[in-house]
1. May I ask you to compute the full-extension gain from Asn273 to Asp215, defined as 0.36 nm times their residue separation minus their alpha-carbon distance, rounded to one decimal in nm?
2. How big is the charge dipole of the stretch 323-576 about its Cα centre, in debye rounded to the nearest 20, if each Lys and Arg gets +1 on its Cβ and each Asp and Glu gets -1 on its Cβ?
3. Let me have the relative contact order for the stretch 93-237, percent, based on Cα pairs under 8 Å that are six or more residues apart.
4. List the relative contact order of the chain as a percent without decimals, with contacts defined as Cα pairs under 8 Å and 6+ residues apart.
5. Give the lysines whose C-alpha is closer than 18 Å to that of Lys30, dropping any in the same chain fewer than 8 places away, or say none.
6. Given a Förster distance of 41 angstrom, what is the FRET efficiency for Asp140 paired with Arg331, based on the Cβ-Cβ distance and rounded to 0.05?
7. Determine the distance separating the Cα centre of the stretch 113-165 from the Cα centre of the stretch 67-95; give it in Å without decimals.
8. By how many nm would the segment from Trp351 to Thr185 lengthen if fully extended, with 0.36 nm per residue of separation less the alpha-carbon distance?
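A short reminder: the numbers here are calculations on the coordinates, not readings from a lab. A quick note: this is a predicted structure, and the numbers were derived from the prediction, not measured. Cβ sites come from the backbone with ideal geometry, for glycine too, and all protein chains shown count toward neighbours.
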Amino acid sequence: MSAALKPLCFALLASVIATGAAVAADEQPKHGIAMHGAPELPAGFSHFPYANPEAPKGGDITYCVVGSFDNLNPFILKSMRTTARGVIDTIFGNLVFESLMMRSADEPFSLYGLLAESVEMDEARSYAEFNLNPDAKWSDGTDVTPEDVIFTYEAYTDKGRPPYSSRMAKIEKIEKTGDRSVRFTFNDKADREFPLIVAMTPIIPEHAFDIETFDQTTLKPVIGSGAYRISEVEPGRRIVFTRNEEYWGENIPSKRGFDNFDKVTIEYFLNANSLIEAFKKGICSVYAESDPVRRQRGIDFPAAREGKVVSETFTNGIPPAVTGFFFNTRREKFADPQVRRALSKLYDFGWVNTNVLRGEYERTLSYWQGSHLSALGKPADERERALLEPFADRVTPDVMDGTYGKAEMAGAPIGRGEMREALQMLQQAGYSLEGNALVNADGEAVTFEILVTSEEGEKLAAVFQRVLKKIGIDVSIRLLDDSQAQQRKQRYDFDVIIASVGFSGSLSPGIEQINRWGSEAAKAEGTFNLSGAADPAIDAMIDAMLNARDMDDYAAAVRALDRLLMSGAYVVPMQHDSDEWVAYWSDLAHPEKTPLYGYKLQTWWHNKDAE
């Protein structure tokens, strides 16, 4: 070799070694993963910053909900919407079933070890290998194994409900790679978020479930790996969870300071009024309320005036959850976006806020309002325009240039001008006024029904009904109990329904958007795509969001999706209050820090000093 080539060869060798070292380092076991960048907490962290690791164990707590239940298996389609709360639960915690990793409520989207103590992935995220915690056990004392993880996906695929049933579509294979290791290899349908979704999927024990009967409802207490066992079941009325004194995960960092009550009871009530009365009597430990009028009434009773009940407002850092009137676009009357846009203009937020909500609310229009992910009030940037270019007709000019929503945000009551504009839009869509009735091209009067599940919803629907009547649309309102409404939701058996897009907003929207807005979800029973949105443009934006490599591309994809949802008018968003108001009995205590995603009941504890 010539002397001139030697430096070049050594440089190339050094580059190869460095590249190999970087790849090897990337694939080393990690204590946590984040959707973008690195998780905030280092290896060896002691606890989540919003949990109190010194919180005492003991005491009871009772949560109260409106509705009923007839099933304890949350992973099946049958009775999906009437499964007992708490088994897996966004609000009360996953008391029975756990996932491989646990999400931090104080970061946009980061996961840390739970059933799996570490994870290995390559930079392309073509695979994820999870190393199970050697201490992880089911509540009957049996070890959690790779075979349990594999069985979980077999059961979900064969007999599970959406979205669990579709997860194998993105997995090439699952294999046991060691006594405590299981490796997922992903196919070309998987995106960069999918390994995190796998890490968050609840795992079930192979020895405790029969695959042949997995899709049948059950009221027999199920076995999980969580901190609680189901100890009492009164179908439709009450479920009681008792803390497992031998819970395997009590001292792992992601669970330290959680699951502090010896007993968790969830009581069911027929309506909100009976629930409030139960709270006043001390039956319910906690009472959360969004209605400012109910807030006033709910705490004005002797125990509250004596200081035995505390009311507190928590402030979170996430976009508000979107609640509104969902149009069922599977029905011909709501298939035309021009019709939906016209009707959307007639929700009288200004009147509602002044006369019902005491002026304490803001109008909701964006699906990520108040965050950098929202398109409201912002013209589309170059990245967004490039993404939306193939679907230019799907976004209205005012949404594209950022002028959409100015009148609605101002909060003035609906007047003749707004009704005239809506009527003109309907006439452009082929409708006309005949006498006092709006009719379609076939001369049929436009009528529809709004389903509601509470007196509060009934009042808001009546406001919408009153304005629509003025332009010739006859609207009826049907009040259903929770179980009836859940069944109608599951079959999409409604014209319009008041519902929420999710339990809370998110700074890291991801695969759940497929279940809420994706074309395939519109066809499958039991998804959260209540509106029936089925648009290739929406599918493309979700795909771009899930495969974005950097934060700028990700944010652009979410804003582009926001523009499509606003332009499509699938929902008439109502209003929101960014603060979370909660009343609770003074024998409860909570950590000082409120995490990014709001207060977490799983970290509260019994305050013996208040007794």
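1. Working: separation 58, 0.36 × 58 = 20.88 nm, distance 3.49 nm.
Length difference between fully extended and current span is 17.4 nm.
2. On the way: 28 positive and 37 negative charges, 103 e Å.
I would put it at about 500 debye.
3. Numbers: 240 pairs, mean separation 46.2, N = 145.
Computed over the stretch 93-237, the figure is 32 percent.
4. Taking the mean separation of contacting Cα pairs over the length of the chain, I get 20 percent.
5. Lys255
6. Details: r = 48 Å, r/R0 = 1.18.
The value I calculate is 0.30.
7. 20 Å
8. Values: separation 166, 0.36 × 166 = 59.76 nm, distance 5.45 nm.
Full extension from Trp351 to Thr185 adds 54.3 nm.
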